[in-house]
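The values are calculated or read from the model by the stated rules, or taken from the named source; none is laboratory data. As the structure is a prediction and not an experimental result, all values here were calculated from the model. Every residue, glycine among them, receives a Cβ derived from its backbone with ideal geometry; neighbour counts consider all protein chains shown.
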Amino acid sequence: MINNRQTELSSLVRDNIDEILVRIIQFTNIHHNLISENIRGYRAAGFVPMFIDVEDFAKVISIALTEHQKTKRLALCDSRTVTFLKDGEFAVEPQVDFEAADLMCKDLPGYLDLQKSRLRENIANNKAACALFYHKLNEMTNQVTDDPVENQI
């Protein structure tokens with residue numbers, strides 16, 4: 001579920017590239033929530049860690065950017081794990097994380113290290129997308145500023 005802060009970003013979209021950056025920010029927020037749940041929930045009976053296929057999302061974005069370069073239009077197409085909804089939002093289908101589940105049973109510190117590593121990578125991806133979006137918005141309004149970009153997670 002996309003929270004209000006992420007939905008508010010959609011109101012700032014002015015062109016196709018803005019929309020791609022907003023989608024990446026929204027995706028990293030969803031991904032952050034799932035990884036956080038993997039860290040919080042590991043003690044619960046019957047808990048099964050999940051993951052979101054980042055590579056599948058990256059393919060969706062790559063195809064959309066290629067289409068944009070060729071035709072100047074943005075075509076966001078569903079994939080194996082990503083579905084675009086009528087209202088401009090999208091859903092991702094989490095998958096069972098067999099690697100993490102195995103680690104959780106055999107090496108709990110290794111499991112937690114894996115989740116923390118994924119969380120750090122996701123935060124870096126979010127920060128990069130936020131920085132690009134921030135600078136693009138400033139470019140559109142002809143403003144130059146050195147204000148830091150905050151993580152949107």
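Just a few scattered comments:
- Residues in segment 86-101 that are out of contact with any helix residue (DSSP H, G or I) (no Cβ under 7 Å at 6 or more places or on another chain) and either of a type in the set (D, E, K, R) or on the phi > 0 side of the Ramachandran plot (or both): Lys86, Asp87, Glu89, Glu93, Asp97, Glu99.
- For segment 62-88, the set of residues classified as hydrophobic (A, V, I, L, M, F, W, C), touching a residue at least 12 places away in the same chain (Cβ under 8 Å) and not in a loop (DSSP other than H, G, I, E, B) consists of Ile63, Ala64, Leu65, Val82, listed by residue number.
- From Glu55, Glu37, Glu19, residue being at pLDDT below 95 and outside any loop (DSSP other than H, G, I, E, B): Glu19
- Qualifying residue in segment 124-136 (condition: in a helix (DSSP H, G or I) and within 16 Å of Ile39 (Cβ to Cβ)): no
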